[in-house]
1. Consider only pairs whose beta carbons are under 6 Å apart and that are at least six residues apart or on different chains; among these, list those whose first residue lies in the range 108-126 and is open to solvent by 30 Å² or more (accessible area, probe 1.4 Å) and whose second residue is in a loop (DSSP other than H, G, I, E, B).
2. If we keep just the residues of the range 77-87 that are in contact with a strand residue (DSSP E or B) (Cβ under 7 Å, 6 or more places away or on another chain) and surrounded by fewer than 17 Cβ atoms within 10 Å (Cβ to Cβ), which is nearest to Ser108 (Cα to Cα)?
3. Checking Ala7 against (1) modelled with pLDDT of 90 or more; (2) farther than 23 Å from Gln154 by Cβ; (3) out of contact with any Asp or Glu (no Cβ under 9 Å at 6 or more places or on another chain); (4) surrounded by 15 or more Cβ atoms within 10 Å (Cβ to Cβ), which single condition isn't satisfied?
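The values are calculated or read from the model by the stated rules, or taken from the named source; none is laboratory data. As the structure is a prediction and not an experimental result, all values here were calculated from the model. Don't worry about glycine lacking a Cβ; one is built from the backbone with ideal geometry, like all the others, and counts go over all protein chains shown. With ligands, DNA and RNA removed, areas are computed over all heavy atoms of the protein, side chains included. Shrake-Rupley method; radii C 1.70, N 1.55, O 1.52, S 1.80 Å.
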Amino acid sequence: MMKALAAICAAVLLSACATGPLMDPEVSSRMVVQDISVSTSSLSGVSGRSISIPPSQVQADISRALAARMRGRGMPGGNPVQVSVDVQRVALVSPGQSLLIGGVSTVSATVSVADLSTGTVLLPATEMTATSEGWAPGGIIGASSRGTPEQDYQRTVASFADAVAQRLLGANAASGATAFSNGRSPQTTTAAPATGGNNALRPSAWQM
């Protein structure tokens, strides 16, 4: 019970602290996003559910989502900048966890910004974590609200891109964009069921 309460409190605090600007608004108001670089070299894969998405696919999906929201955005004629994102973790909340305590899916990364004309670092590498839309409550409703692993992944990527754009550009951030604007679903494969008796099925039941 104590672990469950700790997890809930941590998620609530995370949501409350993840909305402020990442950099001085005076600086961000004078820039325009010209280039976006995404790295997943520190990412081993998407965790939490039975879904297999390689880091290269995560890189492509987040790059596309960020470009749809930020490339060319900012002050017209402003200082051109490069936004660099190093994705550290993509964690989806399993229905098993939602059934017990609820939760949110998250993307954790470091974000930095550099002036392309002078090379000046406007924002040193700064850690941020963005959550998917809405807290999934505990119980059957919460477990079912996550949808398929692919749907949960897409929503989480979209929410992360929204959060980065909003926290860097504020009112200049794009709105209404989608993470997979070309209509293509991410290349995913569902893990095969485990074998070896009823005990072997327990991890799969947690990560459905």
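1. Within 6 Å, the pairs are Thr126/Leu22.
2. Among those that are in contact with a strand residue (DSSP E or B) (Cβ under 7 Å, 6 or more places away or on another chain) and surrounded by fewer than 17 Cβ atoms within 10 Å (Cβ to Cβ), it is Gln82.
3. (1)
Table: residues versus (1) in a helix (DSSP H, G or I); (2) within 21 Å of Ser105 (Cα to Cα); (3) charged (D, E, K, R); (4) at pLDDT below 95.
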position	(1), (2), (3), (4)
Val32	no, no, no, no
Asp35	no, no, yes, no
Ala60	yes, yes, no, no
Ala68	yes, no, no, no
